[in-house]
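Rule-based calculations on the coordinates, nothing more; no lab input. These figures come from a predicted structure and were not determined experimentally. Every residue, glycine as well, gets a Cβ built from its backbone with ideal geometry; the counts of neighbours run over all protein chains shown.
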Amino acid sequence: MADTSKKTAGDMGETQVPKKTNPGASAPQAANSSKEEGKSGESKPAEKKKEVQLGDFKLMKKLGQGGMGEVFLANQVSLDRNVALKILSKEMAKKPGFVERFVREARAMAKIDHPNAVKVYAADTDKGYNYVAIEFIDGQSMQDWMDDKGKLEVGDAVHVIMCCADALAHAHELNIVHRDIKPDNILVTKKGAVKVADFGLAKALDDEDMSMTQSGTGLGTPLYMPPEQARDAKNVDLRTDIYALGVTFYYFLSGKLPFEGETVIKLIMSKEKGQYPSVRKHNPAVPEKLELIVDKMIQKDKNHRYANCADLMADLDKLGLESPTLTFCEGDGGVRAARGRQRTIAGGSTSASGPSMPQFRSSAEDAAATQVKASALDSSVWYVRYTNAKGETTVKEMSTRQVQQGIMSEVFDVKAQAQKKDAGGGFLPLAAYSEFQPLMKKRLVKTQDEVRKESLKDQFAKIDKEERSRKRWHRVKLWFENLVGGVGLIVYLGLILIAVVAAIYGIKEFLYPWISTYLNGSAR
């Protein structure tokens, strides 16, 4: 939670948790009432300020207040660390089933462990209050930065979006949808690390509070939410987050929101139409290929958006626009934020997307490495049928280890088949055998990724071709219009000349003789 103590004054000497005798009051209201009770009792001496503690958390000062309740800076006594403690308001707690959903989903959020996501430490109830303890962030939100900067440099915007997409990809793997991505929920530490906040807490809101009213999440949600979420808050999936992230991306690059409306209804209607100004109109520094990516993120039809955050990150990474650090944080000693889950593949190489740090293999990579080691002791012999570099179908006799090396070195394509010597049964795909399955899965994923990249490359090439064709046609059109304009001018001048000549001829041949005849007749 961003430190908003500058905006909201007060320490826990003035904001104590209320006694159970006044369950309807909020923490600060009850604190004030308890102070007034101390003042009104003339015969009683003034009570000393009490330390307020909920469970393992000692409240220190109030940071802010939202639609769901209040947020306090607290100290976790057992671990001696500061946290942001969100306390659910009594009004929200009265709603049927709300507390159960609040606690259940907050605990689900605790499963998210990613360097670009705010961590959830605990969720519990004490003294009649329901609360969730989350990581305290010593920085400010991206909305605060946007209020100060107006818009971001392209490299900074890509950096923030890549970090957010990485955190969202991790959450989506856990079947968790954020549902409220917006600049207010993207925090930046003083050292420049990007953190996505309030993961899943928006899911704790019931349908009424997820509507387009000022209650609950407030107007910030409809500004960024996709059309299908506006129609039905339950009709969401991971593409909901991609849309909201796309609107946020557009806002970072241009300083403007793509969709506007005087009322919430008009705003949603604008989103349903799917028409908005080009981001390059607001910021010509945005490359055309980056604009294409933003457009794909905020398509009104979710089937036309990115299917997942991994595809989005792959396309952004290919452009090479990401700034290694947030330039607007350099004054505070900005450092490169650790982006993504750092892993080591079977060969021991590290990812280039972040700083050097202790790294770990995934379970799938561990399985592949274990099988490669086990194959050294496997004496099985295989007949492998595959297509070589010349396009010829070849059958070779190989050991298990040799086949695995062929897969890793990409000698075999994904259609390669094998048959175990003396086993019979005919040739089967390599992925059908347990000895090669993990390696073939990785090979297949890589092939699919290459196909997607090639598809995007073709799409970019098509755009470039269309742009060149459009420019050529524009030049031809201008030339033709100038030609037509020149010919038209000549014709116009010719008509004027003909009219003048005709007038002179008419005067000389007809009007002048007639006048002479008339004058001569009058003289007689």
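If we count other beta carbons within 10 Å of each Cβ, what is the order of 63, 493, fewest first?
Least to most surrounded, the residues fall as 493, 63.
Pick out, in residue order, every one of the trypsin sites (Lys or Arg not before Pro) in the stretch 231-322 that is DSSP loop and has at most 12 other C-beta atoms within 10 Å; say none if there are none.
234
Under 1.5 on a/c is rounded, so check that first for the stretch 139-332, then, if it is not, pick prolate when a/b is larger than b/c and oblate when it is not; a ≥ b ≥ c are the square roots of the alpha carbon gyration tensor eigenvalues.
Here the stretch 139-332 falls in the rounded category.
So if R0 is 22 Å, what FRET efficiency would residue 234 and residue 94 give, r being the distance between their Cβ atoms, rounded to the nearest 0.05?
0.50
Distance check, please: which entries in 90/300; 149/300; 61/94 exceed 27 angstrom between their Cα atoms?
From the list (90/300; 149/300; 61/94), the Cα-Cα distance tops 27 Å for 90/300; 149/300.
When the chain is fully extended, how far beyond the present Cα-Cα distance does residue 522 get from residue 499, taking 0.36 nm per residue of separation?
So the extension gain works out to 5.1 nm.
7 Å from Cα along Cα→Cβ at both residue 470 and residue 190: what's the point-to-point distance in nm?
Each label point is offset 7 Å from its Cα along the Cβ direction, giving 4.8 nm.
Suppose each label sits 7 Å from its Cα in the direction of the beta carbon; what would the residue 285-residue 509 distance come out to in nanometres?
Calculated label separation equals 7.3 nm.
Kindly flag which residue pairs out of 415/462; 256/302; 281/471 have an alpha-carbon separation exceeding 20 Å in this structure.
Pairs exceeding the cut-off: 415/462; 256/302.
Taking a 25 Å limit on the Cα-Cα distance, which of the listed pairs 421/446; 234/296; 182/442 fall beyond it?
Exceeds cut-off: 421/446; 182/442.
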